[in-house]
Amino acid sequence: MAYFCNKCNSLMPPGTDRCKICGALLDGTVSKQRSLTELGSFVKQPKVISKDEMKAPYLPYEPRPLQLQIISEIRDTLDSGKHIVMESGTGTGKTIISLAAALEHAVPLGKKVIYLTRTISQSNQVMRELKAISSLKEIYGIAVTGRGKSCPLYRGLPNGETLPPNVLSSMCEEKKSKRQCPYFNTLKDRLPEVSNYCKTAYPKSDELDAYCEKIHTCPYEMKKLLMKEMNVVAVPYIQILSEDIRNNLLNNMDVEDDQVLIIIDEAHNIIDAAREQDSFSISIRMIESAIDECSTMKGGDVPLNEKLSLKPFLEELRRIVRGLANQKLDLKVKEALLKEDDVEQRIFDKFLITRAQLSLALDQMTEIGEIRTELLMEKGETKISPIYDLSLLLKKWIMTDDEMFIKSVRTDLDGEYLRAACINPKDVTFFLRKQKGMIHMSGTLQPLEQYVKTMNLPQDTVMKIYPSPFPKENRKVVYMDNVTTKYEDRQKDPSIFSRMERNLAKMCNAVDKNTLVFFTSYSMMREMRPFLERDIRKELYWEESGRPRNTMIALDKFRSGRNGVFFSVMGGSIAEGIDFPGEELSFAIIVGIPYPPPSLELKAMSDLYDKKFGPWKGMEYTSVVPAIRKMKQAIGRLIRTETDRGMAVIMDYRASKYKKILEADLTTDPVGDVARFFEHR
Ligand code: SF4
């Protein structure tokens, strides 16, 4: 008998306990005996498997350059219980390498993998890779989306997909508790069939939804039941950001929080997503809806305690918000800071109550709201009680901690409102920090130190940059130094606007390629639109603010053509979430530097970072770094495969400050440079 390593099939000399080639231990799982007669057939199959290749047992493809090294570095980091923060350039295959490394670490320890995604296309990619991995190993996974996308009962309603999650959740609970949902009642019977489907087909989330709907069972509840059978669960960020939802997720997966390994994809978005998740507003409209609801109740009012009844309380609240807005805002000032107790103190003074009494009154308001919601559900309405909604927000308002939030009064086209903006999402960063081993990755995460600091990750976090393996000469980035979107410069020199418009139109006309133009704001795009429609002789398409459906229709037409121009806004779903392989996109023009617009929130965060990380760090971390990442994301749309070729022009002299990180050169003849680049194909 001869011994062969079951991992790399190398011959193992007698008396050895470890494979000399791949390092695997000679034990029941990784070694086997073969008779010498089998040796012949083995030798006839000379698949040479290198030592490195065998270090990635969950990689189902021929490794691309660097992939084995990256996988082994990630796995080693996880094995040592550390976080890895990595920028992984286009073409490194970050989904498959992170999964391959994560599974290699997690499976032997009985851990499950939570893969956090920002977009559906990312979760589809996870499912594709898991299916490929399943050709090597018995690994299962599931992609989960929100109830709004999956629920077959309410999705068909005219407003089904836009119902707020809390409304949908209440409606669902009502149906389930009364056993009135036909899709819920079939879950138990259909579970084995759907489980088998998932474990053989590795469906994308919408494919699983369609399958469940076809056999008349609830996809959303089914996914919750199936999670515990899966090694990998791909979920949107929200599942980790909110403590309640996170606890439910772990519960459904049947694991404790130290039995999961988390991968955050597009990690540069996570901190803003966490802040957005915790931030909230209380508008005059909401207060008025609650007052209107009072009027529909018997007697038009109900007591909250011996000193306070609901309707006068709400009317006083409306008066307070309007009073603060009148006092602090004007035509130019649209937002003003409030002191932590500005609103509450006015309520205490008016009704002569204490904080504890106000808190009890709000509990009473919630109870009234719950009863009202039940009544609405019984009548088949697709909304929950405004009193209920408002009571929860008011409770959050009085509980907010001024280390984490800033409070302000603001006004916009819909009227005045109070805003509690989270500047320091401590809960989620605390949860992530205490994980033993985790993968944070993105195509645009530099400077990594900024990410590590703002996420408050452990000091021993490993930081890595893995560049794109695609040929550098396939991509050219230039910037112009005689134009800008900077407000002060445009005020001083109005000719900048027409110079920008003329250059933009000429560049679009100079190439017969699909071109994407990114503006820094919708208002800038609107301002330039009539001139561009006059001067560009091509099919033009436009992103429409607040109308995603129209935008997607226009985008599909643009992608199916080869010589159109699509106008869009930086930082949105088009600049970050969509791939344009091959000829779908060749040329990108970035009009201005996408610094975030100034706001009280940004200022408060900047001050916080100055205090924590040193002078000027606030400005760098809240303004410069996000702008660079947005530009890199936009430029990254150009090259998605090894053979893609593309050029980007940044129309703003301020890009010179970031030319190194953007790998951009100055151009004095942008139209000529563009024409030459595409001629030299
Ligand atoms: Fe919708 Fe499923 Fe809830 Fe029924 S159980 S209401 S199908 S989410």
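With r defined as the distance between the Cβ atoms of Ser281 and Lys492 and R0 fixed at 56 Å, what FRET efficiency is calculated, to the nearest 0.05?
On the way: r = 36 Å, r/R0 = 0.65.
For Ser281 and Lys492, the calculated efficiency is 0.95.
Along region 263-272 the Karplus relation, 6.51 cos²θ - 1.76 cosθ + 1.60 evaluated at θ = phi - 60°, assigns HN-Hα couplings of 10, 9, 8, 6, 4, 4, 8, 5, 5, 5 Hz to successive residues, with x for each Gly and Pro. The aspartates and glutamates whose alpha-carbon is closer than 20 Å to the alpha-carbon of Lys214, local same-chain residues fewer than 8 away aside, are Glu161, Asp189, Glu193, Asp206.
If you roll a 1.4 Å probe over the heavy atoms of the protein chains, what accessible area per residue do you get for region 231-357, in Å²?
Working: 6180 Å² over 127 residues.
Counting only protein heavy atoms, the per-residue value for region 231-357 is 49 Å².
Of the listed residues Thr641, Thr668, the order by accessible area with a 1.4 Å probe, largest first, is Thr668, Thr641. With 0.36 nm allotted per residue and the present C-alpha distance subtracted, the Thr641-Glu367 stretch has 93.0 nm of extension available. Amide H to amide H distances under 5 Å link Asn231 with Tyr140, Gly141, where only residues 5 or more positions off or on other chains count and H is placed in the peptide plane.
Pairs from the list Lys486/Lys603; Lys149/Lys464; Lys453/Lys632; Lys612/Lys660 with a Cα-Cα gap above 29 Å: Lys149/Lys464.
Counting only DSSP beta bridges with both residues in the chain, what percent are antiparallel, rounded to the nearest 5?
Numbers: 23 of 77 bridges.
Percentage antiparallel, nearest 5: 30.
When +1 charges are put on Lys and Arg Cβ atoms and -1 charges on Asp and Glu Cβ atoms, the dipole computed for region 396-520 relative to its Cα centre reaches about 440 debye.
Between the amide H of Val569 and those of Phe519, distances stay under 5 Å, these residues lying 5 or more places away or on another chain, with hydrogens modeled in the peptide plane. Largest first, the residues Met552, Met171 sort by 1.4 Å accessible area into Met552, Met171. Of the residues Ile384, Ile368, Ser560, the one whose Cα sits farthest toward the positive end of the charge dipole of the chain, with +1 on the Cβ of Lys and Arg and -1 on the Cβ of Asp and Glu, is Ser560. Only protein heavy atoms count here; on that basis, with a 1.4 Å probe, Ser606 has an accessible area of about 20 Å².
Between Trp616 and Glu306, the modelled labels are 6.3 nm apart [label points 7 Å from Cα along Cα→Cβ]. Distance between the C-alpha centres of region 196-253 and region 362-432: 28 Å, rounded to the whole angstrom. Taking 0.36 nm per residue of separation and subtracting the current Cα-Cα distance, fully stretching the chain between Glu229 and Lys659 would add 149.9 nm.
Listed by chain and number, the lysines whose C-alpha is less than 29 Å from the C-alpha of Lys307, apart from same-chain residues fewer than 8 away, are Lys298, Lys339, Lys350, Lys395, Lys396, Lys407. Using a probe of 1.4 Å, the accessible surface attributed to Lys617 totals some 50 Å² when neighbouring protein chains are kept in position. Shape class of region 444-588 from the alpha-carbon gyration tensor: prolate, with a/c at 1.5 or above and a/b greater than b/c. Just how much of Phe430 is accessible, in Å², when a 1.4 Å probe is used and the result is rounded to the nearest 10? Looks like 130 Å² after rounding. Remark: spin-label model distance Leu413-Ser121 equals 2.8 nm, labels positioned 7 Å along the Cα→Cβ axis. Surface composition of the chain: carbon and sulfur make up 51 percent of the accessible area, probe 1.4 Å. With the helix formula -39500 (n - 2.57) applied to DSSP H stretches of n ≥ 4, the chain reaches a computed 222 nm mean residue ellipticity of -14000 deg cm²/dmol. Per residue, region 69-221 exposes 41 Å² of accessible surface when a 1.4 Å probe is rolled over the protein heavy atoms with every protein chain present. With a 1.4 Å probe and all protein chains left in place, how much accessible area per residue does region 555-681 have, in Å²? Using a 1.4 Å probe on heavy atoms only, each residue of region 555-681 averages 42 Å². Between Ala675 and Asp206, how high is the FRET efficiency from 1/(1 + (r/R0)^6) when r is the Cβ-Cβ distance and R₀ = 41 Å? Nearest 0.05. The calculated FRET efficiency here is 0.45.
Each residue, Arg529 and Arg355, gets one label point 7 Å from its Cα in the Cβ direction; the gap between the two is 4.9 nm.
Compute, for the chain, the length of the dipole vector about the Cα centre, with Cβ point charges of +1 (Lys, Arg) and -1 (Asp, Glu) only. Units Debye, rounded to 20.
On the way: 100 positive and 95 negative charges, 296 e Å.
So the magnitude is around 1420 debye.
How many angstrom lie between the Cα centre of region 616-642 and the Cα centre of region 593-609? Their Cα centres are 16 Å away from one another.
The values are calculated or read from the model by the stated rules, or taken from the named source; none is laboratory data. Computed from a predicted model, the values in this text were never measured in an experiment. Neighbour counts run over all protein chains shown; Cβ positions are idealised from the backbone, glycine included. SASA here: full protein model, heavy atoms, side chains in, ligands and nucleic acids out. Shrake-Rupley method; radii C 1.70, N 1.55, O 1.52, S 1.80 Å.
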